[in-house]
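Participant: Here's a structure for you.
The values are calculated or read from the model by the stated rules, or taken from the named source; none is laboratory data. Fair warning: this is a prediction, and the values are worked out from it, not measured in the lab. Heads up, the Cβs are rebuilt from the backbone with ideal geometry, glycines too, and the neighbour counts pull from every protein chain shown. Only protein heavy atoms, including side chains, enter the accessible area calculation; ligands, DNA and RNA are left aside. Shrake-Rupley method; radii C 1.70, N 1.55, O 1.52, S 1.80 Å.
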Amino acid sequence: MSKPNEREILADCDLPQRADKVIANALSEFTRSAISHLIEQRHVLLGGKPVQKSTKLKKGDRLVVQLPEPVSDKAMPENI
């Protein structure tokens, strides 16, 4: 079971596919550059180990994507 700031992705591809492509298909609310950044920051794991963008996934591979905490868009007052 994943934590609130984690998403599990199950690769469901007949032929091996790159990790970044599988994630982009599963997390359509994120840009490809945001996904690339998550991978570079080692927030995408396969079997508990970080993946590379070019890691080939096969059907049944389970990725865990550790998402950053949401940033508030609420304006905060500053002292002047």
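Participant: Do you know which residues across segment 49-79 are under 19 Å from Q17 (Cα atoms) and of a type outside the set (D, E, K, R)?
Facilitator: If the condition is that a residue be under 19 Å from Q17 (Cα atoms) and of a type outside the set (D, E, K, R), then P50, V51, Q52, S54, T55, L57, G60, L63, V64, V65 are the ones that fit.
Participant: Any residue in segment 30-49 that's touching a residue at least 12 places away in the same chain (Cβ under 8 Å) and hydroxyl-bearing (S, T, Y): show its pairings with residues that are open to solvent by 70 Å² or more (accessible area, probe 1.4 Å) and not in a helix (DSSP H, G or I) at Cβ separation under 7 Å, as long as the two are six or more apart or on different chains.
Facilitator: S36/K53
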